[in-house]
Amino acid sequence: MARDGLDSELAVARRIQLSLLPACPVAPGWTFEAKYVPAREVGGDFYDFLYHARDEGRLEFVIGDVTGKGIPAALMMAHSRAVLRSEAHHAGGPADVLMRANRILTEDRLASLFLSGLYARVDLASGLVTYANAGHDRPLLIRRGGAEYVELDAPGVILGAFRSIELTDCVVQLDAGDTLAFYTDGVTEARNGDGDLFGDERLALAARRGAASGDARTVALAILDAIADFTDGAAQSDDLTLVVLQRGWG
Amino acid sequence: MLEIATDRETAPGGKSVAVMSLSGELDAASFGDVIEHARRLIGDGADGLLLDMTELVYMGSSGIFALHSVAMLVQGESPPDPEQGWAAMHDAGPSSDVVEQLKILSPQPQVDRVLERTGMKRFFEVHTDRAQAVASF
């Protein structure tokens, strides 16, 4: 009976958590896709899309990964999301958003959990992307056609652990046909039955194949399919999140 | 699975350095063991702690929590209790300066990548030679 009650509450918690994840934005000349697969009923990964004055053509989004899994991570995820949303309205650039959020998270010290996060601002007209990285996995930039790709490096420190951190804004230009893929470490650290990790190279290969043949959704599905093939039924040990954006041709 | 071996060295300046050699995988199942081993070593009088990661093949995000907690221990602070859940902590954790009393030895590529990505290398010296690492305390 107690187990049934817990399962029921977890099911409700899962619905609530999924409701916190927004629908992908729709913008002319761009495609977006987001995928979230928790390892348990609830998890610590999240992403969020924020608009600031749509007529300015600016989109902002964040992807994050709380240390740990299950209910504690999910609660921290909800709190972190709210803090980031709040600070996004007051802050300057992406680095400022994350540093302001860090101050709040270290002061609160809820559940003693940390998170990695990456915050990005996209100029939908020019394709200029400004981003800051707080200890998160390096996003993949895939140039049109899929032949050329690079991991975008940005120095950073995880949020919620240290009182004072310094982050810097970085910029990258997306031209027509270029794709940016953001992910959590549940992607690269997915394991097969032999304990091998999916890894960066398989991720890049899958992303490039997707980018060579389709839009953001195609890229995301190509990555998920590659993970499924690789893990071949092995139990999922960590939350898995993808956010992909692609600048179209017109 | 994680195996932990410990031994002691004395730095040229006389400081007692406890070496914790981690072998296997540092993840959600094993991070608590690292913290407890560190707590005992520091309680036994170690002035500094060297984490030998030569045989550590994997470190997940729980490993970062363990590093943070051990850093607080070597600085004489109480690390957060992961079992306390929503209890607010007044102690805000280690300062942003380099933690002199905790150093890392020879992380393998995956572990090194995690240390780099999460910014841990800003706070902990990473060495590739054990003798030099001990001498740096």
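Every number here is computed from the coordinates shown, using simple stated rules; none is lab data. Because the structure is a prediction, the values reported are computed rather than measured. Counting neighbours? That spans all protein chains shown, and the Cβs are built from the backbone with ideal geometry, glycine included.
For chain A, relative contact order (Cα pairs under 8 Å, six or more residues apart, normalised by length) works out to 22 percent.
Counted residue by residue at 0.36 nm each, then reduced by the alpha carbon distance between them, the extension gain from residue A:40 to residue A:108 reaches 21.9 nm. Mean sequence separation of contacting Cα pairs (under 8 Å, at least six apart), scaled by the length of segment A:191-230, corresponds to a relative contact order of 39 percent.
Among the GluC sites (Glu not before Pro) found in segment A:160-214, those both in a DSSP coil and sparsely packed, with 14 or fewer other Cβ atoms within 10 Å of their Cβ, are A:166. A Förster distance of 35 Å, applied to the separation of the beta-carbon atoms of residue B:108 and residue A:166, puts the FRET efficiency at 0.80. Applying Stokes-Einstein at 37 °C and 0.692 mPa s to the Kirkwood radius of segment B:1-75, computed over alpha-carbon pairs, gives a translational diffusion coefficient of 266 µm² s⁻¹. Dividing the Cα radius of gyration of the protein assembly as shown by its Kirkwood radius returns 0.98 for Rg/Rh. Projecting label points 7 angstrom from Cα along Cα→Cβ for residue A:86 and residue A:123 puts them 3.1 nm apart. Once both labels are positioned 7 Å from their Cα atoms along Cα-to-Cβ, the gap between residue A:151 and residue B:135 label points is 3.2 nm.
Lys-Lys pairs in the protein assembly as shown that are eight or more residues apart or on separate chains and whose Cα atoms lie under 26 Å of each other come to 5. Per-residue shielding of A:155-168, expressed as the average number of other chain Cβ atoms within 10 Å of the residue Cβ, stands at 5. Extending 7 Å from the Cα toward the beta-carbon at both residue A:192 and residue A:8 defines two label points whose distance is 4.3 nm. Under 16 Å from a label point set 7 Å out along the Cα-to-Cβ vector of residue B:75, the amide N atoms of segment B:109-137 belong to B:119-125. Using the alpha-carbon positions of chain B, Rg (one decimal) and Dmax (whole number) come out as 13.9, 44 Å.
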